[in-house]
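Participant: Handing you this structure, nothing more for now.
The values are calculated or read from the model by the stated rules, or taken from the named source; none is laboratory data. This one's a predicted model, so the numbers in the text were calculated from it and none came from an experiment. All Cβ positions, even for glycine, are placed from backbone atoms using ideal geometry, and neighbour counts span all protein chains on display.
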């Protein structure tokens, strides 16, 4: 069996499962945020069960619109707070204690190898970077998990992606995943699990692994997963005291397809309006003027992302007439960026530092776009209207490309900047 | 179980951000969400849909975020069901769970014109275009999914199960 099959077999109490089987699985952890959570709470109330199945297995995080930017958002937050109190949920991350849900899940130790995790957010697939089987679900389904702890799942076929080679300077895991998305297209992995492997993945940091797993959903994948190695195990052990049993694919495990990718000659990649799979090498879109640049989100708002952006920004100025928004993914990332004086470099360059939130990525607050404006963003979606006006254009790229573009005022290949 | 309505057609990869943009997701009232359904793609959608329609679309319908507000907005705007070449999985589950039938129907896009009168037999998977007198075959639901739809969604379905087990 491969790692996904092994985790789903374990979660459903079976010796063996294979792709196509429908299993009734026990969930290890379920996560909600304040956009999907209130609907789940409403549905849970309708079920009529008084107590959630296991309060320790529920994680609640406020992130999409924090602090509340409207009375309506404040009401959503209040519903979350009241539910956390009523159900005595220990893992509730209010304003000031967390950040973007997926970053909080991994850095606070709520994700362990071998576990089945569901979350009411499509980017839940991020956690596969640590060897968990994690997938996004909706609010009603979340309510059912609150009530029973169970969920039905179809065991997915696996697409294995073997990655080899070394990245050029300023070419990053984000460029790798954008390139894969451009090749496989938006529906290229519907219902599938992506399994990343190969020497490049072995050498990749946890931050990079989180980025590539995060965007699997953009090609329709149910999840993405990486066999946990020593790097993943030590990351997790530093964050949780709960025991876990890592599972790994058998060497002869089957997969539906095997794709080989080399990154040696990979250029920085850019997803152009208005679909994530409309991917071009940066050299083809260089010179496109931008009004706003955004670094943040569950895809690329981590400390490594801020470090590379600061390296490019330090000692330079954001182009006049261009806005550069920096939104650290969590309080922990924010603090690290503060201690490493990255925030100082950004402020001196003329960037605007936002608090940890989904913010502009989600188009809820903190940097919406006006009609006719163009943004280059380190986030994950460039759909029409995603970041504000349906008449705005969004390009997606790595934090390095976004930072270089902020300095130049137009889409820029970060490899061109003299360091 | 049968659903009927005039066809409204869309292409491939219709994402949940255009079905209902993020800026409206603080609304909990389904009627409020419905006002903005498909706003990004067709500002007249809600007027057309209010008579009761069936969406016919291409591949990967409902891709993007897990927001259940997307099928809710469609349902309350007047959409009786969605027929697509394929669905993004979270949208598909959400639609079924809130009682909005979503059926995979290979080869339907391009054969049905906007405004055609459609009827769909949910149990049998047969789609009839009454305007053209043609029929198509949708993928049949597994029995347990059909039960969820029959019960009007996952919550009622679960309540039934819990009552049967004496837990409610």
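Participant: What's the total number of residues in segment B:130-154 that are over 14 Å from residue B:95 (Cβ atoms), within 13 Å of another protein chain (Cβ to nearest Cβ) and surrounded by 14 or more Cβ atoms within 10 Å (Cβ to Cβ)?
Facilitator: Number satisfying all stated conditions: 1.
Participant: I'd like the full set of residues that are over 15 Å from residue B:5 (Cβ atoms) and touching a residue at least 24 places away in the same chain (Cβ under 8 Å), limited to segment B:118-135.
Facilitator: The answer is B:123, and nothing else.
Participant: Still on this structure: Inspect segment B:52-69 for any residue being farther than 24 Å from residue A:33 by Cα, more than 7 Å from chain A (Cβ to nearest Cβ) and in a helix (DSSP H, G or I) and give the result as yes or no.
Facilitator: no
Participant: So residue A:56 ticks every box in (1) surrounded by fewer than 24 Cβ atoms within 10 Å (Cβ to Cβ); (2) closer than 29 Å to residue B:159 by Cβ; (3) in contact with a helix residue (DSSP H, G or I) (Cβ under 9 Å, 6 or more places away or on another chain) but one. Which box is left unticked?
Facilitator: So the condition that residue A:56 fails would be (3).
Participant: Would you mind telling me which numbered condition in (1) surrounded by 24 or more Cβ atoms within 10 Å (Cβ to Cβ); (2) assigned to a loop (DSSP other than H, G, I, E, B) residue A:114 fails?
Facilitator: So the condition that residue A:114 fails would be (1).
Participant: What do you reckon, is residue A:119 at the interface with chain B (Cβ under 9 Å from one of its Cβ atoms), modelled with pLDDT of 95 or more, crowded, with 24+ Cβ neighbours inside 10 Å and in contact with a strand residue (DSSP E or B) (Cβ under 8 Å, 6 or more places away or on another chain)?
Facilitator: So residue A:119 passes the test.
Participant: When only residues in segment B:20-40 that are part of a loop (DSSP other than H, G, I, E, B) and closer than 27 Å to residue B:141 by Cβ count, which is farthest from the other protein chains (Cβ to nearest Cβ)?
Facilitator: The residue in question is B:37.
Participant: Still on this structure: Go through segment B:7-19 and report how many residues are modelled with pLDDT under 95 and either more than 7 Å from chain A (Cβ to nearest Cβ) or in contact with a helix residue (DSSP H, G or I) (Cβ under 8 Å, 6 or more places away or on another chain) (or both).
Facilitator: Number satisfying all stated conditions: 0.
Participant: If you don't mind, there's one more thing I want to ask. From the residues in segment A:368-383 that are in a loop (DSSP other than H, G, I, E, B) and away from chain B (no Cβ under 11 Å), which one is nearest to residue A:404 (Cα to Cα)?
Facilitator: Per the stated criteria, the residue is A:378.
Participant: Is it true that residue A:86 is surrounded by fewer than 19 Cβ atoms within 10 Å (Cβ to Cβ), within 14 Å of chain B (Cβ to nearest Cβ) and over 28 Å from residue A:366 (Cα atoms)?
Facilitator: no
Participant: Within segment B:83-105, restricting attention to residues that are part of a loop (DSSP other than H, G, I, E, B) and out of contact with any strand residue (DSSP E or B) (no Cβ under 8 Å at 6 or more places or on another chain), which residue is surrounded by the most Cβ atoms within 10 Å (Cβ to Cβ)?
Facilitator: Among those residues, the one meeting the criterion is B:98.
Participant: Among A:81, A:112, which is in the same structural domain as residue A:245 (by TED's automatic domain parsing), modelled with pLDDT of 95 or more and out of contact with any helix residue (DSSP H, G or I) (no Cβ under 9 Å at 6 or more places or on another chain)?
Facilitator: Answer to the selection: A:81.
Participant: In the set A:136, A:149, A:131, which member is away from chain B (no Cβ under 14 Å), touching a residue at least 24 places away in the same chain (Cβ under 8 Å) and under 27 Å from residue A:36 (Cα atoms)?
Facilitator: A:131
Participant: Residues of segment A:273-310 being over 23 Å from the mean Cα position of the chain (by Cα) and under 21 Å from residue A:211 (Cα atoms), which ones?
Facilitator: Selection gives nothing.
Participant: All but one of (1) surrounded by fewer than 24 Cβ atoms within 10 Å (Cβ to Cβ); (2) at pLDDT 95 or above; (3) over 20 Å from residue A:386 (Cβ atoms); (4) touching a strand residue (DSSP E or B) at 6+ places or on another chain (Cβ under 8 Å) hold for residue B:47; state the number of the condition that does not hold.
Facilitator: (4)
Participant: Here is a check on your reading of the model: is residue A:57 over 17 Å from residue B:66 (Cα atoms), more than 7 Å from chain B (Cβ to nearest Cβ) and at pLDDT below 95?
Facilitator: no
Participant: Next question. Residue A:241 - would you say it is part of a loop (DSSP other than H, G, I, E, B) and touching a strand residue (DSSP E or B) at 6+ places or on another chain (Cβ under 9 Å)?
Facilitator: No, not satisfied.
Participant: Determine which single condition residue A:169 fails, assuming it passes every other condition in (1) away from chain B (no Cβ under 14 Å); (2) surrounded by 24 or more Cβ atoms within 10 Å (Cβ to Cβ); (3) not in a strand (DSSP E or B).
Facilitator: Just one mismatch for residue A:169, condition (2).
Participant: For segment A:385-412, name all the residues that are assigned to a loop (DSSP other than H, G, I, E, B) and surrounded by fewer than 21 Cβ atoms within 10 Å (Cβ to Cβ).
Facilitator: Within segment A:385-412, A:389, A:390, A:391, A:409 qualify.
Conditions tested, residue by residue: (1) over 22 Å from residue A:6 (Cβ atoms); (2) assigned to a helix (DSSP H, G or I); (3) more than 14 Å from chain B (Cβ to nearest Cβ); (4) touching a strand residue (DSSP E or B) at 6+ places or on another chain (Cβ under 7 Å).
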| site | (1), (2), (3), (4) |
| --- | --- |
| A:190 | yes, no, no, no |
| A:211 | yes, yes, yes, no |
| A:221 | no, no, no, yes |
| A:231 | no, yes, yes, no |
| A:248 | no, no, yes, no |
